[in-house]
Amino acid sequence: MVDVDAALDASGLTNEAVREYVKHWAQITQPDRIEVIGAEDDDRLIQECLESGEFQPAGEGRYYSRSYSKDTARSEERTIVATNDEKDKGVYNNWRPASEMKEKLTELMRGQSKGKTMYVLPYLMSPRKNELSQWAAGVELTDSRPVVLHMMRMSRVGVEHVNDLPQQGNFVRAVHVTGDLENLGQGTPDDKRYFVTVADERMILHFGSSYGGNALLGKIAHGLRQGAYDGWDTKKFLAEQYMLIGITDKETGKRYHITGGFPSASGKTNLAMMLPPDAMGDRYQVDFYGDDIAWLWVDESTGKLMGMNPEFGVFGVAKDTNEKTNPTALHSMDPGTKVIFTNVAYNPKLEDVWWEGRTPEPPADLDGWLDWKGEPIADREPGDTSPWAHPNSRFTTTLANVPNAAEDFDEAAGVPIDAIIFGGRTRDREPLIRAIHDVAEGVYDGLTLGAEATFAAEGVEGQLRYDPMSNRPFMAYGEGDYARHYLDLLAQVKDKPLFAHVNWFQKDPEDGHYVWPGFRENLRPLLWLMRLKDGEVTGRKTAVGIIPTEDELDLEGLDLPQADLDRILSIDVPRWQQEMGFREEHLNQFDRLPEEIWEAHRRVTKALDEQS
Ligand code: GDP
Ligand code: PGA
Ligand code: MN
């Protein structure tokens with residue numbers, strides 16, 4: 001048995017509860033070595049990964065890694081929220097009893113780190129000394145060095161985050177064991193992977209993957225599932241899959257903060273890294289706070305809704321990122337940023353990377369290029385059009401590398417929230433933007449957020465895959481209780497945030513083109529929303545919210561065909577009436593759904609009937 005005390009003493013980790021926890025799990029997983037990690041270990045661990053082949057050089061201060069080919073995405077079916085109370089069972093959280101899951105995972109993990117190092121990573125999922133920091137501390141134990149390097153980018157790490165805890169035992173116990181990836185039956189009926197959050201014991205047990213979304217336990221399991229459970233349990237906060245931005249109007253000096261949820265791959269990162277359209281000059285500035293997670297609470301002295309990003313980095317989708325779509329993201333991976341690329345295409349001779357959409361055409365000279373599985377592109381059969389990079393290939397970089405990172409992103413205070421927006425990929429029905437003043441209607445709108453089922457999925461034409469508040473994969477407890485908590489928290493807010501629903505993805509039914517150019521132009525509807533909040537515009541009232549009139553929307557320098565403009569600024573009442581039926585079925589699944597939400601549903605239904 002490895003000498004745990006010696007390793008912990010050498011690192012200065014003094015928290016007794018953490019020391020007990022490390023000993024407990026070292027006895028189960030049986031590593032050969034133990035190492036406590038702090039920010040100062042980054043260069044050394046990178047060097048070790050380069051020597052072991054876990055990383056390869058991808059240009060000055062940039063690194064390339066490849067994951068096992070069956071381990072490239074989050075697995076929702078294998079993800080479970082366990083508690084000691086069946087009342088926590090919801091529609092989406094795959095609830096299981098805590099005792100059953102703890103026993104199962106302990107057995108799966110037993111002896112699995114033999115021959116390996118157990119890295120002990122104390123982390124904090126918040127800026128230091130933030131209002132919510134007491135729920136943000138955790139210690140991840142992992143037997144994967146690349147996972148350590150990813151976590152060091154995505155969270156603040158070091159023993160100081162647990163040594164100074166007011167209550168020594170108040171940290172999330174997050175155990176990650178990789179397992180024998182080649183023998184886990186990923187995606188088969190005999191799948192051995194388990195990703196479990198034992199929410200009421202503040203424990204996370206993940207076995208069988210070293211891919212980011214399954215293995216960076218601070219980010220998704222703690223930042224979203226555990227955070228959501230703690231926020232509800234204490235009645236103090238919300239943990240949401242939201243982006244968070246600041247918008248400054250330099251002409252008036254006004255500054256706004258907007259947060260909001262779009263389902264995965266619906267544009268959060270792109271919005272958070274947005275540059276204002278060229279045609280708008282330098283009047284506006286968009287500041288990045290976060291692109292994936294926001295924790296929200298009410299400041300007791302001012303009554304304001306506050307928000308912060310618990311993460312310290314970006315785990316972004318590489319596909320389609322280029323100079324035109326997202327120059328900010330590209331610069332966050334510049335030489336010297338110590339970015340880690342995962343599962344993109346790689347060229348060891350050039351020490352370079354490529355992904356679909358990086359440039360319009362792939363590199364013409366195939367010499368040296370390897371696809372994400374490591375197969376030479378030059379050896380491909382003619383006609384093989386499979387992508388070079390995995391569609392879910394990623395870049396991992398710290399917030400400080402993001403060119404439009406807000407100056408105060410790391411400050412304790414957080415920022416006051418002016419608006420909460422929801423948006424999905426909807427090809428029809430949803431206008432460019434509709435604003436909602438009423439809080440219950442706003443929460444109702446979030447609960448009925450969805451993304452279109454793809455052509456491959458079963459389901460009714462025009463029916464959404466509902467994704468409440470974009471949290472479906474991260475729901476920690478029952479949806480009705482979640483709605484109640486959301487309403488109760490907002491009831492304490494004095495200056496209520498304005499809600500809105502946005503849609504960048506409406507299509508022309510004839511030729512299928514996107515009728516709104518999107519990306520940088522998305523600033524325009526958000527500016528309208530802030531003017532509406534300030535009472536400078538009034539918009540046009542519809543059954544489903546207030547939408548901009550054509551002349552209220554700043555379209556300077558944007559050449560939109562009138563037909564497209566009409567389409568994004570109108571409401572298709574019959575389609576909406578059909579949607580209301582789907583929504584009713586969706587909401588009916590939830591236990592204890594607050595009456596206010598049903599009232600909002602009936603109000604919107606009635607208003608639509610009156611408008612038709
Ligand atoms: P996230 O997973 O929610 O952070 O989504 P991303 O920002 O990574 O975007 C997912 C995909 O949507 C990428 O392929 C983007 O290029 C695309 N996308 C993002 N914003 C827009 C937009 O405004 N219009 C269109 N047409 N596509 C967008
Ligand atoms: P995302 O989550 O899909 O929302 O970006 C990260 C992941 O898949 O690991
Ligand atoms: Mn996400």
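Worth pointing out:
- Long-range amide H partners of Val198 with built H, under 5 Å: Ala82, Met203, Ile204, Leu205
- Relative contact order, percent, the range 313-400 [alpha-carbon distance under 8 Å, six or more residues apart]: 46
- Here Ser612 and Glu536 are evaluated by their C-beta separation; at R0 = 30 Å the FRET efficiency comes out at 0.45.
- Of all accessible heavy-atom area on the chain, the percent that carbon and sulfur account for (1.4 Å): 47
- Net charge, Asp481 excluded, C-beta distance under 10 Å - Lys, Arg +1, Asp, Glu -1: 0
- In this rough spin-label picture, where each label sits 7 Å from Cα along the Cβ direction, the Asp334-Tyr514 distance is 2.6 nm.
- Cross-link pairs exceeding 18 Å in C-alpha to C-alpha distance, out of Lys70/Lys102; Lys319/Lys373; Lys219/Lys373; Lys70/Lys219, comprise Lys70/Lys102; Lys219/Lys373; Lys70/Lys219.
- Counting only heavy atoms of the protein chains and using a 1.4 Å probe, Tyr284 has close to 10 Å² of accessible surface.
- Figure legend: label point modelled 7 angstrom from the Cα of Ala279 along Cα→Cβ; residues of the range 501-523 with amide N under 15 Å from it are 515-523.
- Selection among Pro327, Trp354, Gly368 by position relative to the dipole of the range 313-400 gives Pro327 as farthest towards the positive end (Cβ unit charges, Cα centre).
- A simple charge model with +1 on the Cβ of Lys and Arg, -1 on the Cβ of Asp and Glu and nothing else charged puts the dipole of the chain at about 960 debye relative to its Cα centre.
- For the set Leu449, Leu370, the ranking by accessible area, highest first and with no ligand, DNA or RNA atoms included, is Leu370, Leu449 under a 1.4 Å probe.
- A probe of 1.4 angstrom, applied to the heavy atoms of all protein chains, finds Lys533 with accessible area near 60 square angstrom.
- Global form of the range 233-354, assessed from the alpha-carbon gyration tensor, a/c cut-off 1.5: oblate
- Mean Cα-pair separation over length for the chain, i.e. relative contact order, pairs under 8 Å, 6 or more apart, %: 14
- Rounded if a/c under 1.5, otherwise prolate or oblate - the chain, Cα gyration tensor axes: prolate
- Listed pairs Lys89/Lys304; Lys268/Lys533; Lys235/Lys268 exceeding 25 Å between Cα atoms: Lys89/Lys304; Lys235/Lys268
- The charge dipole of the range 495-612, taken about its Cα centre with unit charges on the Cβ of Lys, Arg, Asp and Glu (plus for the first two, minus for the last two), comes to roughly 360 debye.
- Positive-end residue of Leu244, Ala265, Tyr229, charge dipole of the range 227-270 with Cβ unit charges: Leu244
- Taking every protein chain into account, the accessible area of the chain amounts to 39 square angstrom per residue (probe 1.4 Å).
- Potential lengthening between Thr302 and Ser386 on full extension [0.36 nm per residue; Cα-Cα distance subtracted]: 24.7 nm
- Cβ-based net charge around Glu16, under 13 Å, with every Lys or Arg adding one and every Asp or Glu removing one: -1
- Most to least accessible of Thr302, Thr397 (protein chains only, probe 1.4 Å): Thr302, Thr397
- Net charge over other residues, Cβ less than 12 angstrom from the Cβ of Arg145 (K, R count +1; D, E count -1): -4
- Overall, the range 313-400 carries a charge dipole of about 460 debye about its Cα centre when +1 sits on the Cβ of Lys and Arg and -1 on the Cβ of Asp and Glu, all other atoms neutral.
- Relative contact order [Cα under 8 Å, 6+ residues apart], the range 267-320, whole percent: 27
- Projecting the Cα atoms of Phe499, Val157, Val339 onto the charge dipole of the chain (Cβ charges, centred on the Cα centre) puts Val157 farthest toward the positive pole.
- Three-way shape call for the range 2-44 based on the alpha-carbon gyration tensor, with the a/c threshold at 1.5: oblate
- Quarter of the Cα convex hull surface for the range 313-400, i.e. its orientation-mean projected area (nm²): 5.7
- Averaging Cα coordinates gives a centre for the range 4-32 and one for the range 296-312; these two points are 34 Å apart.
The values are calculated or read from the model by the stated rules, or taken from the named source; none is laboratory data. If you're wondering where the values come from, they're calculated on a predicted model, not measured in any experiment. Backbone-built Cβ (ideal geometry, glycine too); neighbour counts: all protein chains shown. The area values use the complete protein model at the heavy-atom level, side chains included, leaving out ligands, DNA and RNA. Shrake-Rupley method; radii C 1.70, N 1.55, O 1.52, S 1.80 Å.
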